[in-house]
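Heads up, the thing below is written out as structure tokens.
Each value in this text was obtained by applying a stated rule to the coordinates, not by laboratory testing. From a predicted model like this one, the values you see are computed outputs, not experimental measurements. Using ideal geometry, Cβ is built from the backbone for each residue, glycine included, and neighbour counts are taken over all protein chains shown.
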Amino acid sequence: MRKITALLAVCLASSATAQEPRPSWPSEDQIKMVDERLASFPIQTSVKDVDWYKPQEAVAGSNAKKLQPTSKPKISAAAIEKAIALAEREKSYALLAWKDGELQLEKYWDDFDQSSRYVTASMAKTVVALAVGTAVAEGHIRSVDDPISDYISTMKNTRRGSMPIRAFLEMASGMQTPGGKRTTDGAYWQYSLGDDIGEATARWPDDCVPLKEFCYANGSTAMLGWAIEGATGMRYAEWLSRTIWQPIGASDATLWLDRESGSPRYSCCLMANAQDWLRVGMLVLKNGKVGKDQLVPDNWIKQMTAPSPANPNYGWQVWRGSPHAPKRGYGKGINAAVPAAEPFAREDVYYLDGSAGQRLYIIPSENLLIVRIGTPSFTWDDSALPNIILAGID
């Protein structure tokens, strides 16, 4: 149970439609559903077991050709060998490295291949932030300084609704992941595995200091997702497909929903293949452009990757490697901490953090991307893999 809690505390997300709490909730059926889902949660295979959870919603991709490894290596063979050895020790499923426009390394283990999809947990958060950027670019969202209730009508005249969109991007909205004893009739588990995430999110505490205290809360990402839908009038899956997923050349993906035709679990469960995560990294690396098309404003990418006031190691739904944080924490309500034994070998390392070692590293100074997906690892060292590969670049 401890490992399941540790994984889900950072991994599973929230969503449905933000609302005021009902006086009598949850129902016996809702408690039973969460009991059954929790009992069957595939802790050791959660990353690869993409069909464990239902319902899901499709995010339509494109028919772009798969990336092929280059015959002109720009990373030393010794570094590649060490990176593969580390990935094997961590029981990885996929390891990719892309530099200067070419795929330098692509290795899969077991029966995985280029088409395999994975549950990479909170790596999905950064995609939500990119989707907010496209909504701003098209004028659906006026400013990140607007109160989020401008786009989620059910949050009008509430403390949480008065917070600016910026606060939710920075994980400084005041929302806190519920701590203390967690039972399946409580907001934490109903939020994580229930069928009414809006109701569950309404019951999460607001015990952090808004705009000043970093408190990593999946509910903050959910609020952003609901704002996208409220602003655009479209399902998130449709908006994501049109503005990002198809333009970057990604394959079909899927999202977890809390119930049929319900809300996505925005911050945890975008199931995509390893190359598609590389494509997300390329979008950030190229300052929001794909070819000649500016999908996300370049200034949005700069703001996303800049240090936020409440946490210099966090931007807008993305982590920063500098300054060095030997033990990176998530704030109130989450006991997990991730080590980085050594400082990152470059000052401009940004990364998408999926619970238990799912990673996309973005290093603009080297035009470098690294993807690692694999068995949940509770000993993952954030700096180890990128530093091995960076040491192999002249």
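For region 24-147, the dipole from Cβ point charges (+1 on Lys and Arg, -1 on Asp and Glu) about the Cα centre works out to 560 debye, to the nearest 20.
What FRET efficiency, computed as 1/(1 + (r/R0)^6) with R0 = 22 Å and r the Cβ-Cβ distance, is obtained for Ala137 and Asp100, rounded to the nearest 0.05?
With a Förster radius of 22 Å, E is 0.20.
Cα centroid separation, region 272-291 to region 90-126: 13 Å. Net length available on complete extension from Asp348 to Thr45 is 105.8 nm, with 0.36 nm assigned per residue and the Cα-Cα distance removed. Overall, region 274-318 carries a charge dipole of about 120 debye about its Cα centre when +1 sits on the Cβ of Lys and Arg and -1 on the Cβ of Asp and Glu, all other atoms neutral. Phi-derived couplings, Karplus 6.51 cos²θ - 1.76 cosθ + 1.60 at θ = phi - 60°, listed residue by residue for region 272-278: 9, 8, 5, 5, 5, 5, 4 Hz, with x used for Gly and Pro. If you sort the three axes of the alpha carbon gyration tensor as a ≥ b ≥ c, you get a/c under 1.5 for region 255-394, which makes it rounded. Distance between the pseudo-spin-label points of Lys72 and Ser261 (7 Å out from Cα toward the beta carbon): 5.4 nm.
Our note on the geometry: Cα centres of region 241-271 and region 311-332, 26 Å apart.
When +1 charges are put on Lys and Arg Cβ atoms and -1 charges on Asp and Glu Cβ atoms, the dipole computed for the chain relative to its Cα centre reaches about 500 debye. Rounded, prolate or oblate: which fits region 115-217, taking a ≥ b ≥ c as square roots of the Cα gyration tensor eigenvalues, rounded meaning a/c under 1.5, else prolate when a/b beats b/c? Oblate, because a/c is 1.5 or more while a/b does not exceed b/c. When a/c is below 1.5 the answer is rounded, else prolate if a/b is larger than b/c, else oblate, so apply that to region 175-250 with a ≥ b ≥ c taken from the square roots of the Cα gyration tensor eigenvalues. Here region 175-250 falls in the prolate category. Can you tell me the orientation of helix 123-137 relative to the chain, as the angle in degrees between its alpha-carbon axis and the longest Cα principal axis, to the nearest 10? On a 0 to 90 degree scale, this one is about 80. Against the set [x] 38, 24, 18; [y] 68, 23, 16; [z] 31, 23, 20, the structure's computed semi-axes √(5λ) of the Cα gyration tensor in Å falls on [z]. Given Lys181/Lys327; Lys125/Lys181; Lys32/Lys156; Lys156/Lys212; Lys48/Lys82; Lys286/Lys332, which pairs have Cα atoms separated by over 30 Å? Lys32/Lys156; Lys286/Lys332, as the Cα separations exceed 30 Å there. Considering the chain as a Gaussian network with a 10 Å cut-off on Cα pairs, which listed residue, Asp293, Asp196, Asp206, attains the greatest mean-square fluctuation? Ranking Asp293, Asp196, Asp206 by mean-square fluctuation puts Asp293 first.
Each residue of region 349-354 was assigned a 3J(HN,Hα) from its phi angle through the Karplus curve 6.51 cos²θ - 1.76 cosθ + 1.60 (θ = phi - 60°); the sequence is 8, 10, 7, 8, 10, x Hz, with glycine and proline shown as x.
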